[in-house]
Amino acid sequence: MSNSMDDRKPPITLRLLTIFSFLLGIYLVTNGLAVRLFGWNPIVALPGASWLDPCHIFSKGLDQWIIIKPEALAWPAIVLGAGLSGAIWGIWLHRKWGYGAAILINVFSLMFFGPATVLALCNLACLAAPATRAWVQEADSPDDG
């Protein structure tokens, strides 16, 4: 008799991945919707800084080198934030596509400087952990056949 998914205890790396992904998803969706719907950046530490540049790195003299404006990345941020939720559910259900999608979404999320970068790096570390990879591999998945 094989164990059901309910009998297995998820690893701590999967729990951390879920928390970090929730925070990253909320950050991306909130900022993307705020820019698209209201034209303002809700999570900005310094005046004149963008949600893509909360630390004011590029907005003091280097902004002429930035081709992509925050408005252009608002919809991709919404899609990445919402897609991350589905990818995490896929991982919890032991689906390999969820694991691959989570890696891809987190790599793309690295371009949003500041909190998103930190959260995406934490997510990538959790995804690289052997316990998380084993969780995805251990179930009898419909992906296999």
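Where a number appears in this text, it was derived from the coordinates with a stated rule and is not lab data. Since the structure is predicted, the reported quantities are computational estimates derived from the model, not experimental observations. Here the Cβ is made from the backbone with ideal geometry for all residues, glycine too, and neighbour counts use every protein chain on show.
Would you kindly state how much longer the chain becomes between L16 and T117 on full extension, computed as 0.36 nm times their sequence separation minus their alpha carbon distance, in nm to one decimal?
Values: separation 101, 0.36 × 101 = 36.36 nm, distance 1.59 nm.
Difference between extended and current length: 34.8 nm.
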| task | Apply the Karplus parameterisation 6.51 cos²θ - 1.76 cosθ + 1.60, with θ equal to phi minus 60°, to every residue of segment 122-136 and state each ³J(HN,Hα) to the nearest whole Hz, in sequence, with x for glycine and proline. | result | 4, 4, 5, 5, 5, 5, 7, 5, x, 5, 5, 4, 5, 4, 5
| request: Can you figure out the FRET efficiency of E138 with F38, using R₀ = 41 Å and their beta-carbon distance, to the nearest 0.05? | output: 0.35
